[in-house]
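Only one structure is covered here, and it is reproduced in the block below.
The values are calculated or read from the model by the stated rules, or taken from the named source; none is laboratory data. Since the model is a prediction, treat every value here as computed from it, not as a measurement. Don't worry about glycine lacking a Cβ; one is built from the backbone with ideal geometry, like all the others, and counts go over all protein chains shown. Side chains included, ligands, DNA and RNA excluded: accessible areas come from the protein's heavy atoms. Shrake-Rupley method; radii C 1.70, N 1.55, O 1.52, S 1.80 Å.
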Amino acid sequence: MNHIEKQLSAAPRNLLYVAVISMMVAALFVWSLTAVNVQNIGQGGLSIAKNILYGLTHPNMDMLLNFSKQSILYLLLETIAIAFLGTIVGAILAIPLAFLAASNIMPKPVSWLTRLLLIVIRTVPALVYGLMFIRVTGTGAFAGVLTVGLTSIGMLAKLYVDAIEELDTRVLESMTSVGCTTFEKIRFGIVPQLFSIFLSVIIYRFDMNMREASILGLVGAGGIGAPLIFAMRGYKWDEVGAILIGLVILILLIEFMSNYLRAKLVRGE
């Protein structure tokens with residue numbers, strides 16, 4: 001114990017470094033406060049805030065429990081379909097790109113160029129993709145599916161690459177030594193190692209895509225987003241409250257199920 005205490009006391013104390021970082025953080029905090037403007041909050045603003053709070057706490061339950069094509073339940077189902085199909089499209093297209101980007105399989109130039117392409121795909125926000133696809137396919141759920149699929153490729157391929165580069169190559173070397181074909185090495189050597197990891201990543205991405213699909217409706221790409229923005233523009237806060245309740249319940253259920261499934265995959269059950 002004394003030896004450890006001596007080592008700790010002998011360690012250099014970076015007081016100057018801590019002081020400089022603390023001063024920088026404090027300066028950034030003070031500078032950020034300059035963006036706060038409370039002078040424009042008048043009696044009208046407080047009244048609107050009160051109406052918003054009242055509408056959110058007193059949602060339109062008739063709209064929430066309706067079963068027509070314009071109901072919240074139907075639009076939530078459409079949002080799930082957009083997120084699910086988009087995730088499947090992205091998951092399939094990301095597989096060949098991931099193998100092309102894996103440095104332990106492909107030559108360095110090919111791997112580098114593919115990684116650069118994936119970075120470019122991840123850089124563009126989902127709403128920008130949504131606006132572009134709407135110009136091509138028109139408004140509706142199909143544009144949302146294409147948008148979710150394309151935005152999923154970048155992240156899924158990146159996580160796939162991490163799994164591919166951690167492959168246990170000793171298994172493949174053993175299979176080569178006993179005369180296994182390339183197909184047999186892929187089927188019995190690579191797929192079992194990657195399947196559960198890939199599936200876990202896909203489930204995680206589906207959870208994220210549910211949130212993205214609900215936002216894409218703001219630009220006309222289907223789902224619950226369009227009724228939400230229309231209700232907000234029309235100051236129909238009781239409808240906003242009903243939509244948000246449906247969204248929160250749906251996302252909580254999906255997150256619970258995705259966490260359960262990913263835990264089962266990690267444990268290998």
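Helices assigned as whole DSSP H runs in the chain whose Cα atoms extend at least 15 Å along their own long axis and whose mean Kyte-Doolittle hydropathy is 1.0 or higher are found at 15-33, 72-101, 126-137, 141-165, 237-267. Placing ASP207, ASP62, ASP238 in order of accessible area, with the largest value first and a 1.4 Å probe, yields ASP62, ASP238, ASP207.
Hey, got the dipole for the chain? About the Cα centre, +1 on K and R Cβ, -1 on D and E Cβ, debye to the nearest 20?
About 380 debye.
For segment 112-269, the dipole from Cβ point charges (+1 on Lys and Arg, -1 on Asp and Glu) about the Cα centre works out to 260 debye, to the nearest 20.
Heavy-atom accessible area per residue, the chain, 1.4 Å probe: how many Å²?
On a per-residue basis, the chain sits at 64 Å².
Select one label from (1) 1.04; (2) 1.11; (3) 0.98: the one whose number is Rg/Rh (Cα atoms, Kirkwood Rh) as derived from the coordinates shown. Of the listed options (1) 1.04; (2) 1.11; (3) 0.98, (2) comes from this structure. Across the chain, the relative contact order, built from alpha-carbon pairs under 8 Å that are at least six residues apart, equals 27 percent. Positive end of the dipole of the chain (Cβ unit charges, origin at the Cα centre): among VAL161, GLY225, LEU252, the Cα lying farthest that way belongs to VAL161.
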